[in-house]
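These notes concern the structure reproduced below.
The values are calculated or read from the model by the stated rules, or taken from the named source; none is laboratory data. From a predicted model like this one, the values you see are computed outputs, not experimental measurements. Neighbour counts are summed over all protein chains in view; Cβ atoms, including those assigned to glycine, are modelled from backbone coordinates with ideal geometry. Accessible surface is based on the protein model in full, side chains and every heavy atom, while ligands, DNA and RNA are left aside. Shrake-Rupley method; radii C 1.70, N 1.55, O 1.52, S 1.80 Å.
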Amino acid sequence: DTAQRLLVERNPAAAVPLLKQLATGGREPLGRLHALWALEGTGQLDAATALTALEKEQHPKVLAAAFRVSEGLLK
């Protein structure tokens, strides 16, 4: 939680590609979940990353989060 909060507060550009990679291909569901929310919180979540997460995700809680963070992209 603290790492996610710090990423959102500081919004380091170097972290964005790593967060996108983690959100779509991380081994642990909790890591994928935090990466999705960190990308959403920094305004760096793009449609391609969200779509990949929605297509590949197997864990129900992470899938629900992927839907939630993608809502802003529907506008």
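Among the residues of segment 32-55, the ones that are charged (D, E, K, R) and either within 8 Å of the chain's Cα centre (by Cα) or modelled with pLDDT under 95 (or both) come to 2 in all. Residue count for segment 47-67, restricted to those that are closer than 11 Å to T24 by Cβ and without any contact (Cβ under 8 Å) to a residue 24 or more places away in the chain: 5.
Yes or no, residue by residue, for (1) open to solvent by 20 Å² or more (accessible area, probe 1.4 Å); (2) touching a helix residue (DSSP H, G or I) at 6+ places or on another chain (Cβ under 8 Å); (3) not hydrophobic (A, V, I, L, M, F, W, C):
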residue	(1), (2), (3)
R5	yes, no, yes
A14	yes, no, no
P17	yes, no, yes
G26	no, yes, yes
L73	yes, yes, no
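The residues of segment 16-46 that are touching a residue at least 12 places away in the same chain (Cβ under 8 Å) and of a type in the set (A, V, I, L, M), listed by number, are V16, L19, L22, A23, L33, A35, L36, A38, L39, L45. Consider segment 28-71 and keep the residues that are of a type in the set (K, R) and out of contact with any Gly (no Cβ under 6 Å at 6 or more places or on another chain). The one that is surrounded by the most Cβ atoms within 10 Å (Cβ to Cβ) is K56.
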